[in-house]
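Remarks on the structure that follows.
The values are calculated or read from the model by the stated rules, or taken from the named source; none is laboratory data. The structure presented is a predicted model; accordingly, all values stated were derived computationally and were not measured. Positions of Cβ are backbone-derived with ideal geometry, glycine not excepted, and every protein chain shown enters the neighbour counts.
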Amino acid sequence: MLGKVKVSSALMFTLVAFFALQLITQSIGFWSFSRNHDDVILLSNIAISQIDAVNETAQHLMDARINLARASTRMAHGAAEPVDLVNHVGPPIRTSPLLQADLMIHWLAPISLES
């Protein structure tokens, strides 16, 4: 019964065209999905490095807060400014414009997406 049904050439061309369109769309989708996997890994690595930098900065800020709280307590009790507590990390940032500039350059540096 189906052998007697004639399919017009226009209908056959339409079916073949839609099949080709579906094939192209699926292959582009697969390619895009495989590329996104690489991009997600790259973005994940960048996020991990940013989290590590934020954690390190937070630790430095907590250490500085504790040291300044100790120094202010000692000064409130009448002692002189404890220089060893106030300047506990290398050269003091508040008096070194070069160190401040280096920190700003480090924080504002663009993140490399190639690593």
Subject >> So Ala58, is it surrounded by fewer than 10 Cβ atoms within 10 Å (Cβ to Cβ), modelled with pLDDT of 65 or more and of a type in the set (A, V, I, L, M) >> reply: no
Asp39 vs (1) surrounded by 10 or more Cβ atoms within 10 Å (Cβ to Cβ); (2) at pLDDT 75 or above: all pass except (2)
Pairing a residue in segment 64-78 that is among the aliphatic types (A, V, I, L, M) with any residue that is surrounded by 14 or more Cβ atoms within 10 Å (Cβ to Cβ) and part of a helix (DSSP H, G or I), where Cβ atoms lie under 6 Å and the two sit 6 or more apart in sequence or on different chains, gives Ala71/Leu85; Ala71/Val86
